[in-house]
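The values are calculated or read from the model by the stated rules, or taken from the named source; none is laboratory data. Computed from a predicted structure; not experimentally measured. Here the Cβ is made from the backbone with ideal geometry for all residues, glycine too, and neighbour counts use every protein chain on show. Each accessible area value is taken on the protein alone, full model and side chains, heavy atoms only, with ligands, DNA and RNA left out. Shrake-Rupley method; radii C 1.70, N 1.55, O 1.52, S 1.80 Å.
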Amino acid sequence: MAMHIQFDGDYSGLVGAFLAKKYTAIINRKPLVGTRYMELFNKGVSIYMRTRLFSNTSVFYITIDEKNKILENTPANSISDENELLDFLIEQCFPKL
């Protein structure tokens with residue numbers, strides 16, 4: 001249903017290029033300074049990749065069905081941007097113990 005992978009270091013260029021070969025990029029933000037963010041889609045799967053400045057690369061896979069199930073009871077105004085959306089989805093799929 002969902003999978004979260006953390007790479008130790010900035011691998012956004014390498015991982016992003018690999019994912020872009022198979023998946024369609026919906027959002028691809030590569031600022032010179034700040035958080036790099038990429039959202040991809042293919043055949044019922046959403047993929048999110050994020051690398052914060054001087055940080056690790058995070059890749060999150062989730063099925064569209066599972067994502068819709070999580071978001072159907074979430075007020076639209078509670079998530080203001082893609083970083084909050086990603087954090088929310090990860091938290092819902094993998095709650096901290």
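Being without any contact (Cβ under 8 Å) to a residue 60 or more places away in the chain, in contact with an Asp or Glu (Cβ under 9 Å, 6 or more places away or on another chain) and closer than 13 Å to His4 by Cα is a property that does not hold for Thr51. The residue that is surrounded by the most Cβ atoms within 10 Å (Cβ to Cβ), among those in region 23-38 that are of a type outside the set (Val, Ile, Thr) and part of a strand (DSSP E or B), is Met38.
Within region 73-83, is there a residue that is under 14 Å from the mean Cα position of the chain (by Cα), at pLDDT 90 or above and either open to solvent by 40 Å² or more (accessible area, probe 1.4 Å) or closer than 23 Å to Met1 by Cβ (or both)? Within region 73-83 (the criterion being under 14 Å from the mean Cα position of the chain (by Cα), at pLDDT 90 or above and either open to solvent by 40 Å² or more (accessible area, probe 1.4 Å) or closer than 23 Å to Met1 by Cβ (or both)), the answer is no, since none of the residues qualifies. Residues being open to solvent by 90 Å² or more (accessible area, probe 1.4 Å) and not basic (Lys, Arg): count how many of those fall in region 13-22. Counting residues in region 13-22 that are open to solvent by 90 Å² or more (accessible area, probe 1.4 Å) and not basic (Lys, Arg) gives 2. Looking across region 39-67 at every residue that is open to solvent by less than 80 Å² (accessible area, probe 1.4 Å) and in a helix (DSSP H, G or I), the one that is farthest from Ala17 (Cα to Cα) is identified as Glu66. Here Val59 fits the description: closer than 17 Å to Ser12 by Cα and not aromatic (Phe, Trp, Tyr).
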